[in-house]
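This report refers to the structure that appears directly beneath it.
We did not get these values from a lab; they are worked out from the coordinates using the rules stated. Just so you know, these numbers come straight off a predicted model, no measurement behind them. Glycine also receives a Cβ, built like all others from the backbone with ideal geometry; neighbour counts cover every protein chain displayed.
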């Protein structure tokens, strides 16, 4: 899906052009094939007059061995960075999905330094991600490490820990500029990759990172980076990507922008790495749902990662924009209440007034059971909510009528908990609660979490006519 633009040789997306003088200034042997090329024979640079040129050569690599990374570095660790052939500057821990030139670079033995500006503390909270910002950032760092191991990254990635969705605000742009300059000075890459002026998704953090890196490379000394590429998507790829994502149960990706096909300057064939890309992206379960992941896999199975170059980095006058999914959520809140938000895969987030925790609400059986609301183990929820299971469950039970006003939950008759076992090796249990018994069972939820059978007996002693039941094991 990704396309790259070389900003040193084209103008903005509004008026792309090329510079023959730049081409003439390159060494005569620059595009000659060598045994050590940037990309394979299918990955080519497109000249200013549209003719295809041979692959780009890198300098000889002293150590091309792949070493498994063990941790994520942070801003205080910049002094530990080493010389790298390539540096890729991104905004958030999962943005590598937009730079899938990475597998080919690693395959060819090139050293790749990944840089992430933000810590991801304002990202989505799916697949059991914690509620607190600090905890979410730590969770996403673990996801990132696992994802990059799948890509066989050979340099410890570095995260600059700027606040998510605030990279472009206040003093953060200056901090970003200073830290990126230090990283460039330390790693001395020949090739740099980053975002284009549209930020791929119009995300202001993406745009600020791309603009900062562009300005640094443009003003670099003669021994600085020789080439700068920016990630974009061509019109042809855009059409295919939209087709792959049309069955996704979330937003429609209408916010993506494309550039004319003839402006693409670098393509990296990603098809042979589609499964690796899927395995890597699947580690970011707090951010991507199954449908999106499959969409990316199908896309990269048939499309390259693309890049362009520019002379100027031209952005809108203001970077403060409302993302498309935010607009959708604002309408959702206005209709159903400020406590509700939209989650991926047709889920709804519910954050009671005065609570710091957002409960993920989904229909059971992946949405096929319209009568049953699936919830996480109350004790698991409580761990992140900072309250006891009894109080945690009450937040759901006492608001069940408000929840039922949302169309997808209008036919609810039951709430299903998957109770996680307290003892190692024990089975989890599905506890099925009739909606009309929600308030009665709230004080007994903690008993069910400790021992489901004993909890049920205790509850039935109090309410012998109850219709509560324990479902099948290991559901």
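Judged by the mean number of other Cβ atoms found within 10 Å, the most tightly packed of the peptides 223-232, 260-269, 405-414 leads the ranking 223-232, 260-269, 405-414. A straight chain from residue 314 to residue 82 at 0.36 nm per residue would run longer than the Cα-Cα distance by 80.3 nm. For segment 178-241 versus segment 280-301, the inter-centroid distance based on Cα atoms is 23 Å. Here r is the Cβ-Cβ distance between residue 171 and residue 302 and R0 is 45 Å; the resulting FRET efficiency, rounded to 0.05, is 0.55. Ordering 431-440, 452-461 by mean Cβ neighbour count within 10 Å, with the highest value first, yields 431-440, 452-461. Under the simplified labelling scheme, the residue 188-residue 401 pair shows an inter-label distance of 7.2 nm, with each label point 7 Å from Cα along Cα→Cβ. Multiplying the residue separation of residue 138 and residue 219 by 0.36 nm and removing their Cα-Cα distance gives an extension gain of 25.7 nm. Shown is the FRET efficiency for residue 290 and residue 469, computed with R0 = 25 Å from the Cβ-Cβ distance and rounded to the nearest 0.05: 0.30.
Each of the peptides 463-470, 204-211, 306-313 was scored by the mean count of other Cβ atoms within 10 Å over its residues; in descending order, highest first, they stand as 204-211, 306-313, 463-470.
Take the Kirkwood radius over Cα pairs of segment 158-298, plug it into Stokes-Einstein at 37 °C and 0.692 mPa s, and you get 193 µm²/s for translational diffusion.
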